[in-house]
Amino acid sequence: MQIPCPYCGTRDALEFTWGGQAAVVRPADPQSCSDEEWCRYLFIRSNPRGPHHERWCHTYGCGQWLDVWRDTLTHVVEHAALIGVPRPRSEPSA
Amino acid sequence: MTQRRLNGEALIDRTRLLTFTFNGRRYQGHPGDTLASALLANGVKRVARSFKLHRPRGIFSAGLEEPSALVTVGDGPYREVNVRATEAPLHEGLVARSQNCWPTVNFDAAAALGLFARFLPAGFYHKTFKWPAWGWYEGLMRRMAGLGRLNGIPDPDHYATQYHHCDVLVIGAGAAGLAAARAAAAVEDVVLLDSGDEFGGSVLRHELAALPRLLLLPRTTAMGYYDDGLVTALERIDEVRAPVPRGTQGPRQRLWKIRAARVVLATGAIERPLVFSNNDRPGIMLASAVRTYVTRYAVSPGTCAVIFTNNDSAYATAFALHERGVKVAAVVDLRQQPGAGLAARTRGAGIALHAGYAVVDTRGRSALKTVAIARCDPGVTRLLAGSLQWLRCDLLCVSGGWDPVVHLYAQAGGKLRFDARIAGFVPQRQGHRKAECIGAAAGHIDPPSQAPLLPVWRIPAWGRRDRRSLQWIDLAHDVTVADIELAATEGFRSVEHMKRYTTAGMAVDQGKTSNVNALALLGRATGREPAQVGTTTFRPPFHPVAIGALAGGRVDQRAQRFRRLPLQWHAEHGGVMEDHGGWLRPACYLESGETESQAIDREVRAARSAVALLDSSSLGKIEVCGEDAAQFLNRLYVNNVRTLEPGRLRYGLMLNDNGIIIDDGVLACLGEGRYMVNTSSAGALNTHFWMEEWLQCEWRSMRVWIAQQTAQWATLTLSGPKARTVLALLQLPVNLDGREFPHMHTRETEFEGTALRLRRASFTGELSFEIDVPADRGDALWCRLLELGAPHGIMPIGMEALDVLRVEKGFLEVGTDTDGDTSPLDVGWGVAISKKAEDFIGRRSLRRPAMQSAARLQLVGLLPAERNLRLPVGTHAIGAAGDIDGHVTSSCVSPHLERSVALARVRSGSTRMGQNVSLDIDGGRYSAVIGSTAFYDPKGERLDA
């Protein structure tokens, strides 16, 4: 598998560390949220068979965390961007 | 034995002779031969005994698909088992022998197993060896199982790994692959690899070698296709394993990892055998293999041949044999109407053609002597009474059609479809993103047929007995039609289940000649077409590969990389270097005549009575600075960082968001917005990654910079009542007085023109100074301190002594006294946490009901009743009901307390002070009293001695 790092170019997945599902929103005030909300944040993930929005770190490259859109079935990486950089609209949404 | 070498053209060098040994007998062959062709040329028919029933087996194929002729080659450390005789190149002095037979391949005692074949059906070991227990039989079965015996000696050869990138990778240098590679090399960077080394012959090879953008890899077999066009391939650099030290000779094999934008699979097709009674005798071979032996090696595997086929391609074998003067007794074609041109040419050559006939049985105890043929109906469902004839022959050339080699295509995620035209699986037309099959691998079998192939998965047996248990599917694992049908009867409908139950296709050849027959017969037994049954999953490697080739250079010292301390001194002065959290650190320093435990005891006593010197350079050192640094660390650590003033230290406990302890360390405030975080040695890398993840992904607006400095500094720790005295001798411009520079404070200063940092933190419970200097100054400072401290009894100590010192003090070690379920509440941090106002990572999780449970494992001290018994780490505490009540995490016999002490995690431990627990050590019961973890100097008075 390869991931196109916005800084370093397309690199082997061995250089990257998987960080799980991306865009999991951490409750703004953990102390005031219910056990259910906190549980959802900690444990509930989508685990799809197909396109998935994940975060990966280019640990043995530039060290940057990236937003990666990867198909869990084919391992095709459709897009990778710095965290916070919105995905171009022309791409099919994950 | 007779020579079977033919006249005429061949790819062997007849002018030279090579002598080799097989089963202790000397034979001769020529350069260019394989072991198989040389054995056949010498008339050797029996080369192996079968896996389960020890039936005599011969050479079946001429390539890597060989299921039968597995032999042991070489001697001593170079002895290699399960080598396919069809692949082993002949060389002078080659020594080979048969496997799986005793005393010899010609008389094998275990062949008596054949008499009990009906007691050894599919899954027999699950059925037969159940009573009283499998263990009673396991020893015998293990001895019986397997083929060659390993030599048990480390592999003296070495292996290389090579990475390569190209535009197009072409696998297979047959006609299709050669054409594709030549066309692509005009405009792109191309790699062409092939298991052989001909590349279309010497003229074409010369021409290809001149193409600047084409890399030829001969004797290289593609093993696996991985994502995004990554293909692994094994290059056999030196196929001759000679008993000479390789040393400077370079690697024996090279594992290529080739990343290609496009992969072209010109991998060809493998011939499929037909399934009939007694189809496993030596002398029964694939028709294409016989053709190869005749034309390439000028060897006739027999003196009188019969061809048995259901398709046109085998006729070429009849003609090749005939043209070289080998008698062909008959062509037996299952089809009522073979191709008209072929039929005429066969008869024209004077060869009897039996169309609409089948081979229904064979005879020959040690090798083929006669075959029985009989007339069959057009669908080959029954045999016509009275049509049986016996034909004398010693070679039966069998062809049941062709199976495209789609392994890599399927590994790439390509889908297959069943093509009725060839009765085999071919790539679906749309292909895969980056891998495409061409030529025979795509199902285009040359030459085009004059008459269609007749798919027949099993030939009926002659007579009343059905002979299913003598109709072999998988020669390598002795799987028969009976086994497949039994699996179907017992409910194994899925091809994957059938495979595992019968072991069809699970031998070293991975069923290259048997898988399609097996799945088609499973289909027949369960009323399904082959297309509905489907294939098993194709997984790498395509072909057996030596473990050494996969390991490449990562062996011996390079098998596991350790981080090394900047100081060279230890190993040169008796330091016993061991792995501590990925670092090579001295466990202790041995003086002459000392045991390790004596050394550890001596070092521990020095730390408490005089002064110890410890290399702590592996301590994680992460600099965190910026205007939000205090807030950032305050969120990452359980402890309050906001109130930490410049020049001070604070212990820090780090959690993940589940509230689990993941690291600890000491935080130093060096100035406004400038911190040095000393993590645990094992956590130096992960804590840095953890900080970066939160900073980059969650708190993106925070103005914080993080720098990993672990390797930049050497850290030397002076610890003991005389630590201050010795440090003072360095005459640093720092007031070391306890009131001016108290415990948990830090100072930055200079020493001989370079930066030096001091920390008063202690992991021993004694007065301690941690001294940071630039890494390259570590050795010099270490030697200076030893020199200055000599009159005061200074002594270098290792990790084992440090462990005793910290256990005596009850200081926890993250990862040793904690695990993936330990919260700060479990180690007595509840009160400290309640004093912090702000949120921190993991805090919310501490309120989860499970974290608040009174029944959790909590860290306590244990005082065993037997004062000299060092409790093994991992010893379980057993509750009244026999349940597990906790476990020992750290333990030592304290020289200062003169008794055994231990740290343990015990259920509800904090509320059970003074009570007894029962410990189980190898079935013996021992007792210990639960108490505080602070065994030695509980008030901490020695810190400021």
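Results, tabulated for the structure shown:
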| quantity | calculated |
| --- | --- |
| Strands (runs of 3 or more DSSP E) lying entirely in segment B:657-715 (those with 2 or more residues that are more than 14 Å from chain A (Cβ to nearest Cβ), surrounded by 15 or more Cβ atoms within 10 Å (Cβ to Cβ) and aliphatic (A, V, I, L, M)) | B:661-671, B:674-679 |
| Helices (runs of 4 or more DSSP H) contained entirely in segment B:787-888, each with at least 2 residues that are over 30 Å from B:MET691 (Cα atoms) and of a type in the set (A, V, I, L, M) | B:799-809 |
| Filter pass, B:ARG907 being under 21 Å from B:VAL814 (Cα atoms) and basic (Lys, Arg) | yes |
| Unique residue being assigned to a loop (DSSP other than H, G, I, E, B), surrounded by 15 or more Cβ atoms within 10 Å (Cβ to Cβ) and more than 8 Å from chain B (Cβ to nearest Cβ) when the list is A:ARG45, A:ARG87 | A:ARG87 |
| Members of segment B:669-679 found to be more than 16 Å from B:ASN639 (Cα to Cα), touching a residue at least 40 places away in the same chain (Cβ under 8 Å) and not hydrophobic (A, V, I, L, M, F, W, C), listed by number | B:GLY673, B:ARG674 |
| Selection within segment B:716-759 - of a type in the set (Val, Ile, Thr) and either over 21 Å from B:THR679 (Cβ atoms) or part of a loop (DSSP other than H, G, I, E, B) (or both) | B:THR725, B:VAL726, B:VAL734, B:THR749, B:THR754 |
| Boolean, B:VAL873 is crowded, with 17+ Cβ neighbours inside 10 Å, in contact with a Ser or Thr (Cβ under 6 Å, 6 or more places away or on another chain), more than 23 Å from B:LEU653 (Cα to Cα) and in contact (Cβ under 8 Å) with a residue 12 or more places away in the chain | no |
| Residues being in contact (Cβ under 8 Å) with a residue 40 or more places away in the chain and assigned to a loop (DSSP other than H, G, I, E, B) - total across segment B:189-221 | 2 |
| Per-region count, segment B:360-372, residues in a strand (DSSP E or B) and either among the polar types (S, T, N, Q) or in contact with a helix residue (DSSP H, G or I) (Cβ under 9 Å, 6 or more places away or on another chain) (or both) | 3 |
| Residue list for segment B:392-418, restricted to those being within 23 Å of B:PHE308 (Cβ to Cβ) and not in a loop (DSSP other than H, G, I, E, B) | B:ARG392, B:LEU395, B:LEU396, B:CYS397, B:VAL398, B:SER399, B:TRP402, B:ASP403, B:PRO404 |
| Positions within segment A:9-18 being more than 9 Å from chain B (Cβ to nearest Cβ) and either touching an Asp or Glu at 6+ places or on another chain (Cβ under 8 Å) or buried (at least 16 other Cβ atoms within 10 Å of the Cβ) (or both), in sequence order | A:ARG11, A:GLU15, A:PHE16, A:TRP18 |
| Pairs where the first residue, in segment B:104-125, is of a type in the set (Asp, Glu) and the second is at pLDDT 70 or above and surrounded by fewer than 17 Cβ atoms within 10 Å (Cβ to Cβ), C-beta under 8 Å, 6+ apart | B:ASP108/B:TRP102 |
| Looking only at segment A:19-39, and only at residues there that are surrounded by fewer than 12 Cβ atoms within 10 Å (Cβ to Cβ) and more than 8 Å from every other protein chain (Cβ to nearest Cβ), the one that is nearest to A:LEU73 (Cα to Cα) | A:GLY20 |
| Tabulated pairs, segment B:593-617, first on the phi < 0 side of the Ramachandran plot, second among the β-branched types (Val, Ile, Thr) and assigned to a helix (DSSP H, G or I), C-beta under 6 angstrom, 6+ apart or interchain | B:VAL604/B:VAL804; B:VAL611/B:VAL726 |
| Strands (runs of 3 or more DSSP E) fully within segment B:248-359 counting 1 or more residues that are farther than 27 Å from B:LEU408 by Cβ and among the aromatic types (Phe, Trp, Tyr) | B:304-309 |
| Condition check for A:GLY61: more than 10 Å from every other protein chain (Cβ to nearest Cβ) and in a loop (DSSP other than H, G, I, E, B) | yes |
| Residue check for B:THR346: within 24 Å of B:PRO452 (Cα to Cα), of a type in the set (Ser, Thr, Tyr), more than 49 Å from the chain's Cα centre (by Cα) and buried (at least 20 other Cβ atoms within 10 Å of the Cβ) | yes |
| Failed condition for B:VAL726, given (1) in contact with a His (Cβ under 7 Å, 6 or more places away or on another chain); (2) within 14 Å of another protein chain (Cβ to nearest Cβ) | (2) |
| Residue list for segment B:551-567, restricted to those being within 13 Å of the chain's Cα centre (by Cα) and either crowded, with 16+ Cβ neighbours inside 10 Å or among the aromatic types (Phe, Trp, Tyr) (or both) | B:ALA551, B:GLY552 |
| Failed condition for B:ARG281, given (1) closer than 14 Å to B:LEU368 by Cβ; (2) free of Cβ contacts under 8 Å to residues at least 40 places away in the same chain | (2) |
| Which listed residue is among the acidic types (Asp, Glu) and touching a Lys or Arg at 6+ places or on another chain (Cβ under 7 Å), from B:GLU87, B:GLU65 | B:GLU65 |
| Test: B:GLU770 is outside any loop (DSSP other than H, G, I, E, B), in contact (Cβ under 8 Å) with a residue 40 or more places away in the chain and within 50 Å of the chain's Cα centre (by Cα) | yes |
| Residue in segment B:373-387 that is more than 22 Å from B:PRO530 (Cα to Cα), within 46 Å of the chain's Cα centre (by Cα) and not in a strand (DSSP E or B) present | no |
| Top-ranked residue of segment A:64-78 - restricted to ones that are crowded, with 19+ Cβ neighbours inside 10 Å and not aliphatic (A, V, I, L, M), ranked as farthest from the other protein chains (Cβ to nearest Cβ) | A:TRP69 |
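Per-residue answers, yes or no, for (1) modelled with pLDDT of 95 or more; (2) over 29 Å from the mean Cα position of the chain (by Cα):
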| position | (1), (2) |
| --- | --- |
| B:PRO404 | yes, no |
| B:ALA410 | no, no |
| B:LYS415 | no, no |
| B:GLN430 | no, yes |
| B:ARG468 | no, yes |
| B:HIS477 | no, no |
| B:SER494 | yes, no |
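Here is a yes/no grid of residues against (1) at pLDDT 90 or above; (2) surrounded by 14 or more Cβ atoms within 10 Å (Cβ to Cβ); (3) closer than 25 Å to B:MET506 by Cβ; (4) not hydrophobic (A, V, I, L, M, F, W, C):
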| position | (1), (2), (3), (4) |
| --- | --- |
| B:SER68 | yes, yes, yes, yes |
| B:THR86 | yes, yes, yes, yes |
| B:GLY93 | yes, no, no, yes |
| B:PHE116 | no, no, yes, no |
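The values are calculated or read from the model by the stated rules, or taken from the named source; none is laboratory data. All values reported here derive from a predicted model rather than from experimental measurement. A quick note on method: Cβ atoms are made from the backbone with ideal geometry, for glycine too, and the neighbour counts reach across all protein chains shown.
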